[in-house]
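Input: a single structure, listed below in structure tokens.
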Amino acid sequence: MEYPSLRDNSSFHLDFVIFGTNSFCAFALNLAVFLLVGKTSALTMNVAGVVKDWLLIAFSWSVIKDTVTPVNLIGYGLAFLGVAYYNHSKLQALKASEAQKKAQQADEEAGRLLEEREGESGNGRKSDNQS
């Protein structure tokens with residue numbers, strides 16, 4: 001609705017290449033977020049957002065020469081500790097899960113071996129009793 005008035009009254013020019021490229025990038029970003037949350041969790045997406053914020057702050061501080069106050073540094077430090085704790089707890093949970101799977105596999109293997117031995121000794125007793 002506003003395009004005719006923009007075309008007539010301003011120097012606005014709709015560039016379809018830029019519009020299409022921007023649309024593709026937005027779609028790709030949404031697809032990446034969807035796949036990341038599907039493979040991990042929403043919390044992982046939030047932690048990745050914190051890391052992204054750190055990179056933006058580091059860029060603005062080093063390239064644009066934006067000021068970083070001591071309060072900012074304390075906040076970044078607390079955020080860093082939170083991400084470190086999250087990664088540590090996630091790693092511990094992963095190790096515990098792997099250990100539990102290994103123990104379960106060992107129990108299943110021991111159960112199969114026990115059943116095989118009982119089956120062999122049971123077959124041997126039947127043949128001894130029949131003779």
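The values are calculated or read from the model by the stated rules, or taken from the named source; none is laboratory data. From a predicted model like this one, the values you see are computed outputs, not experimental measurements. With ideal geometry, Cβ positions are generated from the backbone for all residues, glycine too; neighbour counts draw on all protein chains shown. The area values use the complete protein model at the heavy-atom level, side chains included, leaving out ligands, DNA and RNA. Shrake-Rupley method; radii C 1.70, N 1.55, O 1.52, S 1.80 Å.
Residue-level analysis places residue 36 outside the set of residues that are in contact (Cβ under 8 Å) with a residue 40 or more places away in the chain and either in contact with a His (Cβ under 7 Å, 6 or more places away or on another chain) or surrounded by 10 or more Cβ atoms within 10 Å (Cβ to Cβ) (or both). When residues in region 66-100 are screened for being closer than 19 Å to residue 42 by Cβ and open to solvent by less than 80 Å² (accessible area, probe 1.4 Å), 6 of them pass. Out of 43, 56, one residue alone is in contact (Cβ under 8 Å) with a residue 12 or more places away in the chain, part of a helix (DSSP H, G or I) and open to solvent by 60 Å² or more (accessible area, probe 1.4 Å). It is 43.
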